[in-house]
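First up is the structure itself, then whatever we jot down about it.
What follows draws every value from the coordinates through simple rules; no lab data is involved. What you see is a predicted model; the values in this text were computed from it and never measured. Cβ placement follows ideal geometry from the backbone for every residue including glycine, while neighbour counts extend to all protein chains displayed.
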Amino acid sequence: MFFHSLTTALLGTTVAAAAAITTTTTSTLNPSTLNVTVIAAHNNKSTLECWALEPGFESSNTPGTTGNPVLSLGAPSANISYMAIPPRTDGGLHNAPTIQWVSFVSGKAHVTLPHSDDEAWVTGGEFGTILAIDTEDVSADGHFTEYPSDEVTVALAMPVKEVPGHRVLHAGACTRREQKFL
Ligand SMILES: *[C@@H]1O[C@H](CO)[C@@H](O)[C@H](O)[C@H]1NC(C)=O
Ligand SMILES: *[C@@H]1O[C@H](CO)[C@@H](O)[C@H](O)[C@H]1NC(C)=O
Ligand SMILES: *[C@@H]1O[C@H](CO)[C@@H](O)[C@H](O)[C@H]1NC(C)=O
């Protein structure tokens, strides 16, 4: 009797859970590639550029995201770090410590340059991933980063072995329009 009601209860739960996770895909994403803002360097000076990564997206065959766009960010060269930066922090002038992806999850980063008026406003979230490659060996002075928002800026730093394949779209940061999926 006890087992019977337990089984019934479990079955009920399973059916309810199955109903809850039945979702419908209402749209398809079909982007060709990812366009990212890059803190690059030319002639020993840091620059901002918008790059289109090459090769672009493939169709995922990972269970859970099957059929959705996926793109490799490259082979890691060191440990990935999770960083929490307090509101209204001035990070000062610095170089990228290594070639690395920085993915801002929350908050805001304002990147400016000592030898150019170009600037990038990077908001945590969908458009929050940038590439920083202005290491000391290619840029004498580096770049400035400020975190002016009233919330904590959370970022993931992901060092990679080499600069990923790309096509330079233009000088200056990418616009939202160039990065939008939908
Ligand atoms: C990653 O971190 C661990 C623990 O601190 C360390 O032992 C390891 O050497 C690091 N790996 C690399 C590639 O830096
Ligand atoms: C970049 O500038 C620094 C400082 O002026 C200098 O020491 C270095 O040799 C320069 N590097 C290149 C590749 O020109
Ligand atoms: C990236 O830029 C290319 C070239 O301008 C464009 O065709 C593509 O749609 C852009 N990708 C996204 C996700 O906006």
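Only residues in segment 74-93 that are under 17 Å from residue 157 (Cβ atoms) and within 15 Å of ligand 1 (Cβ to nearest atom) count as the first member; pair them with residues that are of a type in the set (Lys, Arg) and part of a loop (DSSP other than H, G, I, E, B), Cβ under 9 angstrom, at least 6 apart or cross-chain, and list the lot. Listed by first residue and then by second, the contacts come to 74/161; 75/161; 76/161; 77/161.
Inside segment 100-118, residues that are buried (at least 20 other Cβ atoms within 10 Å of the Cβ) and touching a residue at least 60 places away in the same chain (Cβ under 8 Å) make up a count of 3. Count of segment 160-182 residues, restricted to those that are over 15 Å from residue 37 (Cα atoms) and surrounded by fewer than 18 Cβ atoms within 10 Å (Cβ to Cβ), is 4. Looking across segment 68-102, the residues that are in a strand (DSSP E or B) and within 16 Å of ligand 3 (Cβ to nearest atom) come down to 69, 70.
On the given criteria, is residue 37 within 18 Å of residue 164 (Cβ to Cβ), of a type in the set (Ser, Thr, Tyr) and in a loop (DSSP other than H, G, I, E, B)? Criteria not met by residue 37.
The set of residues from segment 119-139 being farther than 15 Å from residue 161 by Cα and either β-branched (Val, Ile, Thr) or more than 15 Å from the chain's Cα centre (by Cα) (or both) comprises 119, 122, 123, 129, 130, 136, 137, 138, 139. Which ones in segment 140-164 are assigned to a strand (DSSP E or B) and more than 15 Å from the chain's Cα centre (by Cα)? Correct list: 143, 144, 145, 146, 147.
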